[in-house]
Amino acid sequence: MNFEILEKTPLYDAFSDIGKRIFLPDGVFYWAGRAKKEADINGTIGTAFGYEKDFIELGSDEWLPCYLKEIKKYTELNVKDIVPYASIGGLADLRTIWREWIIRKSEYNSETDKEKIVHLNKYMTNPIITTGVTNAIYLSCKLFLNPGEKIICANKRWGNYDNIIVKNIGAEIKSFDFFKDDRINLDSLKDTINEVNKIQNKIVIIINFPNNPTGYVPSKQEAKDILKLLEETQVKLKKPFIIIIDDAYEPYVYSEEALNTSFFYELQQLKGDIIPIKLDGLTKELLMYGARIGFLTIGLKSNWVSNDEELEKLKKEINNKLEGMNRSSISNCNHIYQAIAERIFQEVGFEKIIDSRNRIKEVLEKRYEKINNELKSLDNPNISIDPNSGGFFLFINLNRQKIKANNFADYLLKHHKVGVIPIEKPAENINGLRIAYCSIDINQIPEVISRIKTALSQF
Ligand SMILES: Cc1ncc(COP(=O)(O)O)c(C=O)c1O
């Protein structure tokens with residue numbers, strides 16, 4: 001494929017060698033797609049087809065993908081919706097629905113007006129379907145980072161970032177100190193950007209709100225400050241800023257003061273070369289962890305193209321690159337879960353899905369309130385709680401000089417039968433416990449905190 005428009009954009013400049021090299025050639029899926037429309041006899045794709053009656057007792061005359069009769073016992077979905085390969089970028093209807101879902105989610109922000117929605121709708125790519133958010137993180141990092149290149153991230157982060165970025169891709173994470181005085185540490189973020197600027201012709205940042213492991217969500221004012229910092233720094237440095245936005249926990253915001261929409265929306269509206277990449281998925285949003293369905297969507301800039309025709313061409317070129325990434329790694333994603341998600345969205349609709357999920361959100365919100373209240377009673381000079389207002393977790397910092405997080409978690413488990421995740425990274429000033437209150441009954445929360453209190457006094 002010719003990347004005529006894409007090659008002229010800062011997005012292309014920021015690509016890694018793989019990002020520049022990858023494309024989806026006209027392979028099996030291309031010919032199969034054409035044959036479906038144009039051929040009388042289709043011998044293209046490696047999917048066994050037959051007349052149902054020839055492989056199923058009392059089967060019909062319909063020409064179907066061959067399937068084991070036992071499969072019918074486990075689903076009422078049509079075999080056509082579960083057996084064949086899904087398309088490389090994901091089921092077309094689900095991609096369209098997710099696009100509308102992204103737009104629907106933008107409306108939670110009271111500052112989102114009609115004009116912004118028109119802009120959002122026009123200047124974003126069609127979401128590509130990935131194997132969960134993890135795979136979307138992997139793809140987007142691979143697309144922009146060569147081995148040895150740097151990505152900026154908070155020092156407190158989901159541990160799998162290190163597996164993906166450092167161990168798998170061979171790139172480096174440049175950490176900034178997440179908090180200062182219970183607010184995001186913008187000075188540290190700014191210093192880190194300036195340091196990376198000295199050695200790289202692009203700035204790549206990954207953010208995650210509500211955050212794992214801290215539960216931090218910026219307040220609306222902090223969100224404005226972060227935005228201002230990014231905008232001003234980008235103007236000064238004149239390099240593309242790629243902002244990878246891990247929205248795994250997007251809907252779970254429990255405080256009125258906190259930003260209740262993804263950072264994607266505001267970044268996508270900016271004129272400068274701050275390019276947001278939105279990663280979200282069924283995993284937590286629809287509470288379908290094992291579905292392994294995620295989405296990757298890129299925000300585009302109006303000044304990259306001179307007319308609508310070029311814009312459509314650019315979207316196609318980007319789509320080809322992303323499908324090239326999928327084809328060369330996972331080929332395509334789980335069909336049955338895409339089909340289920342599509343049916344839920346089509347038959348239940350956005351609003352009822354949100355209503356059903358709100359019941360779960362309320363359960364989590366009550367636990368969030370309870371655990372934070374209980375922690376206030378834990379008056380101990382050796383601990384502090386990071387600011388938190390969303391997601392599934394919170395983080396207790398332990399005094400490094402006195403309590404090693406791994407040892408303490410082991411002690412807590414052995415002697416008080418409470419399981420939490422210790423995070424100990426001396427080089428990054430981190431020593432504490434992540435508590436996944438999403439998986440603790442509200443009635444057990446006082447007991448958990450009481451056991452932690454006792455353990456602290458004994459340790
Ligand atoms: C911050 C963050 N991003 C991404 C993921 C992974 O999402 P998925 O299960 O869709 O791969 C998780 C899951 O724990 C997470 O905490």
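The values are calculated or read from the model by the stated rules, or taken from the named source; none is laboratory data. Since we're looking at a predicted model, the values are computed, not measured. Every residue, glycine among them, receives a Cβ derived from its backbone with ideal geometry; neighbour counts consider all protein chains shown. With ligands, DNA and RNA removed, areas are computed over all heavy atoms of the protein, side chains included. Shrake-Rupley method; radii C 1.70, N 1.55, O 1.52, S 1.80 Å.
Can you give me the number of residues within region 403-459 that are closer than 19 Å to N160 by Cα, assigned to a loop (DSSP other than H, G, I, E, B) and aliphatic (A, V, I, L, M)?
2
Look at E428 and say whether it is open to solvent by 30 Å² or more (accessible area, probe 1.4 Å) and free of Cβ contacts under 8 Å to residues at least 40 places away in the same chain.
Values: open to solvent by 30 Å² or more (accessible area, probe 1.4 Å): yes; free of Cβ contacts under 8 Å to residues at least 40 places away in the same chain: no.
Answer is no for this residue.
Do we have any residue at all in region 359-374 that's surrounded by fewer than 18 Cβ atoms within 10 Å (Cβ to Cβ) and aromatic (F, W, Y)?
No.
So, in region 311-321, exactly how many residues are open to solvent by less than 50 Å² (accessible area, probe 1.4 Å) and either farther than 23 Å from T130 by Cα or charged (D, E, K, R) (or both)?
Count: 4.
Within the set of pairs 6 or more residues apart or between chains, which connect a residue that is under 30 Å from Y30 (Cβ atoms) inside region 42-64 to a residue that is exposed (fewer than 11 other Cβ atoms within 10 Å of the Cβ) and hydroxyl-bearing (S, T, Y) with Cβ atoms less than 6 Å apart?
Qualifying pairs under 6 Å: E52/S60.
Of the residues L145, L139, only one is farther than 30 Å from E257 by Cα, among the hydrophobic types (A, V, I, L, M, F, W, C), away from the ligand (no atom under 16 Å from the Cβ) and modelled with pLDDT of 95 or more; which? Please lay out each step first, then the result.
On the way: L139 fails: away from the ligand (no atom under 16 Å from the Cβ).
Unique residue meeting the criteria: L145.
Evaluate the following for L91: is it more than 16 Å from the ligand (Cβ to nearest atom), in contact (Cβ under 8 Å) with a residue 24 or more places away in the chain and either open to solvent by 20 Å² or more (accessible area, probe 1.4 Å) or of a type outside the set (A, V, I, L, M, F, W, C) (or both)? Explain how you work it out, then say what you get.
Details: more than 16 Å from the ligand (Cβ to nearest atom): yes; in contact (Cβ under 8 Å) with a residue 24 or more places away in the chain: yes; either open to solvent by 20 Å² or more (accessible area, probe 1.4 Å) or of a type outside the set (A, V, I, L, M, F, W, C) (or both): yes.
Criteria met by L91.
Please go through region 89-108 and pick out each residue that is under 15 Å from D280 (Cβ atoms) and in a helix (DSSP H, G or I).
Taking region 89-108 and keeping what is under 15 Å from D280 (Cβ atoms), we get 90, 94-95, 97-106, 108.
Scanning region 89-108 gives L94, R95, I97, W98, R99, E100, W101, I102, I103, R104, K105, S106.
Among the candidates E111, E195, single out the residue that is away from the ligand (no atom under 16 Å from the Cβ) and part of a loop (DSSP other than H, G, I, E, B). Even if it seems obvious, please write down each step before you answer.
Numbers: E195 fails: part of a loop (DSSP other than H, G, I, E, B).
So the residue among E111, E195 that is away from the ligand (no atom under 16 Å from the Cβ) and part of a loop (DSSP other than H, G, I, E, B) is E111.
What tally of residues in region 390-406 results from selecting those that are touching a residue at least 12 places away in the same chain (Cβ under 8 Å) and either away from the ligand (no atom under 16 Å from the Cβ) or in contact with a His (Cβ under 6 Å, 6 or more places away or on another chain) (or both)?
Count: 10.
List the residue pairs whose Cβ atoms are under 8 Å apart, where the first residue sits in region 345-358 and is within 13 Å of R104 (Cα to Cα), the second is open to solvent by 40 Å² or more (accessible area, probe 1.4 Å) and of a type outside the set (D, E, K, R), and the two are 6 or more positions apart or on different chains.
I353/I344
So which residues in region 400-419 are surrounded by fewer than 14 Cβ atoms within 10 Å (Cβ to Cβ) and either among the aliphatic types (A, V, I, L, M) or touching a strand residue (DSSP E or B) at 6+ places or on another chain (Cβ under 9 Å) (or both)?
Residues satisfying the conditions are N406, N407, D410.
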